[in-house]
1. Only helices at least 15 Å long along their own axis, judged from Cα atoms, and with Kyte-Doolittle mean hydropathy of 0.5 or greater: name those in the chain from DSSP H.
2. Highest GNM mean-square fluctuation, the chain, Cα pairs closer than 10 Å: which of 32, 155, 216?
3. List the lysines whose Cα sits under 29 Å from the Cα of residue 28, skipping any in the same chain fewer than 8 residues away.
4. Assuming R0 = 25 Å, can you tell me the calculated FRET efficiency for the pair residue 251 and residue 313, based on Cβ-Cβ distance, to the nearest 0.05?
5. Quick one: which residues, 5+ away or cross-chain, put their amide H under 5 Å from the amide H of residue 68? H built at 1.01 Å from N.
6. Using a Gaussian network for the chain with springs between C-alpha atoms less than 10 Å apart, which of these wobbles most: 71, 49, 186?
7. Can you pull the one-decimal nm distance between simple spin-label points at residue 132 and residue 282, each 7 Å off the Cα toward Cβ?
8. Could you work out the Kirkwood radius for segment 199-323, taking every pair of different alpha carbons, averaging 1/r and inverting it, reported in Å?
Amino acid sequence: MLERQPEVEFTHDDRDPGLEGSTQVFGKALAFATRLYSTISDCWTLTKPEVNFLIALATFTGFYLGHAHQPGPFPLSNLVCTLVGTLLVASGTGTLNQYIERRFDAQMRRTAHRPLAAGRLKASIGLALGITSIGMGSVFLVIWVNLLASTLAMFTVVTYLLLYTPLKRKSPACMLVGAIPGAMPPLIGWAGASGHLSSEAWLLYGILFLWQFPHFMAIAWMYRDDYQRAGYRILPSADRRCAFVNWMTVLPLLALIPLTLFSAFSGHAHAIYALGVLFAGSVFLYHASVLALQKSNQNARRLLLASIAYLPVVFALLITGSK
C-alpha cells in the first residue's frame with residue numbers, strides 16, 4: 001500500500017519574498033489609484049457640471065446669434081475658445097462658492113454630501129482649484145477671445161462671490177442680486193462672437209434674467225427647511241413666505257413670455273418661433289401657477305423640471321427661428 005505523504009507546512013520564512021513584495025506594491029498602487037480617482041471625481045463635482053451644461057448652452061446661443069449678422073464663415077475655433085474660457089471661469093466660481101459656504105453646506109441635507117462640506121476633500125484644494133480655474137479662464141478669454149468677454153466673465157465672478165453669496169444669509173433680495181451674474185453667459189457668448197454688445201444681446205440677457213426667478217423659487221420651496229437650518233434667508237418669514245413665492249414665481253413669467261415674443265413681433269424670427277415660445281411659456285406659466293395656488297414639494301419639483309426643459313427649448317427656437 002502507498003503510504004500517505006506528510007503534509008508540508010509553510011512558515012512565514014518559507015514564502016517567496018519576491019511574491020510578497022509584489023503583492024504589497026500592487027496593493028499600494030491600487031490604494032493610490034483609488035484615492036487619486038476619488039480626488040479627481042470630487043474635484044469634478046466641485047465644478048458643478050450640471051450647472052455648466054446650461055451655462056455652455058446659454059453661451060453657445062449668445063455666440064451663435066452674435067455671429068449671425070457677421071460676415072465670413074462660422075468661427076468654430078473662436079466658439080470653442082469662448083466656451084472653454086467661460087466654463088473654466090464658471091467652474092472656478094462654483095468651486096469657490098462651495099469653499100466659502102462649506103460649513104453651512106454641511107448643515108443641509110441637500111449639500112452635506114458635497115466634497116468640501118463632507119470633508120472628503122481638503123479646503124485648501126478647493127480654494128486652489130477655484131482660484132486656478134478662474135485665473136486660467138479669464139486669461140484664456142483675453143488671449144484667445146477678446147477683452148470684453150473676459151471682463152464680463154470677471155464681472156460675473158465678483159458679483160456672484162462678493163455680493164450674491166454673502167447676501168444669501170442676510171436677505172431674500174439675494175435672488176435679485178444673484179440673477180444679475182446668472183444671466184451673463186449669453187452676453188459673454190455674444191461678445192466672443194462680435195466683440196461688442198447690441199440690443200439683441202441684452203434681449204437674451206433679459207430672458208435668462210427673468211427665467212431664474214421661477215427656477216430658483218422652485219428650489220427654494222423644495223429645500224426651505226434646509227436653507228433655514230443652515231441660516232440662509234432665501235425666503236422671508238413664514239407669514240410673508242407664500243406671497244413672496246407667488247410674486248417671484250408668476251410675475252417674472254408674465255414678463256418673460258412677451259419678451260421672448262419680441263423677436264417675432266419685430267420681424268427677426270419666423271412664425272414657428274413665436275408659436276414655439278408661446279407654447280413653452282404657457283407650460284412654464286401653468287406649473288408656476290399650480291405652485292402659486294397649492295404649495296407642495298411635488299408642485300415645486302414639477303416647476304423645476306419645467307424650467308430646466310424650457311431654457312433649451314427657447315434657445316433652440318432662437319437659433320433655428322432667427323432670420
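Only the coordinates and a few stated rules stand behind these numbers; no lab work does. Here the structure is a predicted model, which means the values were calculated and not measured. Note that each Cβ is placed from the backbone with ideal geometry, even for glycine, and that neighbours are counted across all protein chains shown.
1. 49-67, 76-100, 123-144, 147-158, 199-222, 238-265, 271-293, 297-321
2. Greatest mean-square fluctuation among the candidates belongs to 32.
3. Result set, ordered by chain and number: 122.
4. 0.70
5. none
6. Checking each option, the largest mean-square fluctuation is seen for 71.
7. So the label points at residue 132 and residue 282 sit 5.2 nm apart.
8. 15.1
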